[in-house]
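This report refers to the structure that appears directly beneath it.
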Amino acid sequence: MNPPHAVIAGAGIGGLCTALCLARAGWRVSLFEKAKVLDETGAGLQLSPNASAILRRLGVLVHLAPFALAPEAIKIRRARDGATLARMPLDGAEARWGAPYLALHRADLQRALLEAVAHEDGIRLQAGAAVAGFASGKDGVAVAIAHGAVRLKEAGDCLIGADGLRSFVRQRFCDDHLRFSGRTAWRTTIEADRVPAAMRRQETNLWLGRKAHLVHYPLRGGTLVNVVAIVDEDFRPDDDEFWSSPGEAKFLEARFARWDKTARDLLRAAAEWRKWPLADRDPIARFVSGRVALIGDAAHPMLPFLAQGAAQAIEDASVLGEVLAHGKNIEASLLGYQEARLARAARVQKESRRQAAIYHLGGPAALLRDTALRALGPEKMLARYDWLYDARDVNAR
Ligand SMILES: Cc1cc2nc3c(=O)[nH]c(=O)nc-3n(C[C@H](O)[C@H](O)[C@H](O)COP(=O)(O)OP(=O)(O)OC[C@H]3O[C@@H](n4cnc5c(N)ncnc54)[C@H](O)[C@@H]3O)c2cc1C
């Protein structure tokens, strides 16, 4: 009997992981990527245990080992003077949550996934080919692919929309628009030897200031430092402006002028910045329609304040692999995926949003927050993330 055939739109982290999970579950996979070249750009990613466990199961984590770093802790600091408000130790991540907490470059993760995909006979990856239409029937899906000026047709047993924030596939599920969150993320990576020694420690630093926060952590064996500055900004991008663009260092200098000198020195060490207007959407009521399913940013785009966008896409992929391996009835299996993922993904979306408001407090509210953080202690800090990071049985949720 021929294996079932999945068509996937988008070869980002979500699409690549889904292709791997389905191939391991005995599926044939056609993976179509709109971009002509799979760009190995981007910046740092924090990979929490709920995601690293899945990559380990897929045999990908071992290839990331030379590039990934395990931060010893997340340190929360006050913008004004750099005082440590709280420290969440991460050296016990494996014991507590069942897998490591890692920091790595997105390009390294993408490369490792592409290599794993290339080793699977059952996966065909075509770049420069966009999913441009589809129809879901009782027995399968018919998918139109735009390959330059040529239109091709692909028949499959299901279509997975892994096509990101501006998903084409999602348009058939709802007609919501991307909403600007009022915040922009400024990202850069800096050669470690250009950064003050105190900023190169193997830990993730989260600085909290009024209407802004700053995250930095080392990457690639400590040779690079990844920096993300997130600021409230009063500008209104249109739907087609949610792309990254070069950022002016002067803007950041002005916005962080009253921050502790260590933070300002770090920002000054950057050779260039790219800024992203951060887009947000509300959780939706379904991820599945007939034989079509959404995953990753296409299903549940989220603000990056819990560092979970890629992790949740990886969880989606894992659950899809699980339900489709067992289910003969594809539509029912996809509904099983939806049931397993809808509430959790919505919770992570909402918590990420809530986190944003807490991070950017000012005045007396910030004082209260800082006092509460100081009182927490490491065990209570860790316990706050158990629901999110626990890797044991991600698929059973
Ligand atoms: C500042 C910032 C920091 C972040 N930090 C973290 C972090 O630390 N940890 C974490 O887990 N996440 C983080 N994220 C989120 C994470 O980067 C994304 O959530 C994740 O990459 C989404 O993966 P995806 O595969 O769903 O979508 P994408 O990576 O967007 O991939 C979608 C792919 O689909 C392709 N495509 C689009 N349309 C079509 C079409 N019609 N046909 C075929 N292909 C198509 C696109 O070209 C693209 O390659 C961060 C995000 C930001 C902005």
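Here is the tail figure for region 299-349: Cα pairs spaced more than 12 Å apart come to 62 percent of all pairs. The ellipsoid equivalent to the alpha-carbon distribution of region 17-81 has semi-axes of 31, 18, 11 angstrom, derived from the gyration tensor eigenvalues as √(5λ) and listed largest first. Non-local lysine pairs in the chain, meaning eight or more places apart or on different chains, with alpha-carbon distances under 29 Å, amount to 24.
Each Lys and Arg contributes +1 and each Asp and Glu -1, all at the Cβ; summed about the Cα centre of the chain, the dipole is approximately 840 debye. Would you compute the Debye intensity of the chain from its alpha-carbon atoms alone, equal scatterers and no solvent, and pass along log10 I(q)/I(0) at q = 0.06, 0.12 Å⁻¹ to two decimals? Once normalised to I(0) and log-transformed, intensities are -0.23, -0.94.
Kirkwood Rh over Cα pairs of region 1-131 into Stokes-Einstein at 37 °C, 0.692 mPa s: D in µm²/s? Present the calculation step by step, with values, prior to reporting the outcome.
Values: Rh = 16.4 Å.
In µm²/s, the coefficient is 200.
Building the convex hull from the alpha-carbon atoms of region 107-265 and averaging its projection over directions returns 13.7 nm². Placing a pseudo-label 7 Å from each Cα along the Cα-to-Cβ vector at R201 and A155 gives an inter-label distance of 6.2 nm.
Taken as Cα centroids, region 165-198 and region 92-119 sit 20 Å apart, rounded to the nearest whole angstrom. The label-point distance for T262 and R124, in a model that sets each label 7 Å from Cα toward Cβ, rounds to 5.5 nm. Given region 242-397 reduced to its alpha-carbon atoms as identical point scatterers, what log10 I(q)/I(0) does the Debye formula return at q = 0.09 Å⁻¹? Values returned for q = 0.09 Å⁻¹ are -0.44. Highest mean packing first, where packing is the average number of other Cβ atoms within 10 Å per residue, the peptides 280-287, 175-182 line up as 280-287, 175-182.
Accessible surface calculations at 1.4 Å, restricted to protein heavy atoms, place the chain at 44 Å² per residue.
What translational D, rounded to a whole number of µm²/s, comes out for region 127-200 from Stokes-Einstein when the hydrodynamic radius is the Kirkwood one over Cα pairs, at 25 °C and 0.890 mPa s? So the translational diffusion coefficient is about 151 µm²/s. Normalised by residue number, the volume inside the convex hull of the Cα atoms of region 172-233 is 132 Å³ per residue. Charges were assigned to the Cβ only: +1 to each Lys and Arg, -1 to each Asp and Glu. The resulting dipole of region 141-257 about its Cα centre is roughly 320 debye. When the chain is described by a simple charge dipole with +1 on each Lys and Arg Cβ and -1 on each Asp and Glu Cβ, the residue from S289, W27, A185 located farthest towards its positive end is A185.
At 7 Å along Cα-to-Cβ for each site, give me the label-to-label distance between A357 and T84 in nm. The modelled label-to-label distance comes out at 3.1 nm. Placing unit charges on the Cβ atoms of the charged side chains and taking the dipole of the chain about its Cα centre, the candidate lying farthest along the positive direction among L85, V131, Q202 is L85.
A cut-off under 10 angstrom between Cβ atoms defines the neighbours of D139, and their net charge, with Lys, Arg +1 and Asp, Glu -1, is +1. Counting only alpha carbon atoms, the long axis of helix 363-383 and the longest principal axis of the chain meet at about 60°. Electrostatic tally near I230: other residues with Cβ closer than 12 Å to its Cβ, Lys and Arg +1, Asp and Glu -1, net +3. Counting only Cα atoms, the size of region 197-299 along its three principal axes is 55, 35, 24 Å, in decreasing order. Evaluated at q = 0.16, 0.18, 0.20 Å⁻¹, the base-10 log of the normalised Debye intensity for region 52-125, with identical point scatterers placed on the Cα atoms, takes the values -0.69, -0.80, -0.89. Using every pair of separate Cα atoms, the Kirkwood estimate puts the hydrodynamic radius of region 74-200 at 20.3 angstrom.
Counting only protein heavy atoms and a 1.4 Å probe, tell me what percentage of the chain's accessible area is made up of carbon and sulfur.
Numbers: 9070 of 17280 Å².
Ligands and nucleic acids excluded, carbon and sulfur reach 52 percent.
Basic side chains Lys and Arg get +1 at the Cβ, acidic Asp and Glu get -1 at the Cβ, and with that the dipole of region 64-125 about its Cα centre reaches some 520 debye. Across the chain, where is the longest run that never hits GluC sites (Glu not before Pro) in a DSSP loop with at most 11 other C-beta atoms within 10 Å? Maximal segment without exposed cleavage sites: 1-247.
The values are calculated or read from the model by the stated rules, or taken from the named source; none is laboratory data. For clarity, every value in this text was computed on a predicted model and none was experimentally measured. Note that we place each Cβ from the backbone using ideal geometry, even for glycine, and neighbour counts take in every protein chain shown. Just so you know, the surface numbers come from the protein's heavy atoms only, side chains and all, with ligands and any DNA or RNA stripped out. Shrake-Rupley method; radii C 1.70, N 1.55, O 1.52, S 1.80 Å.
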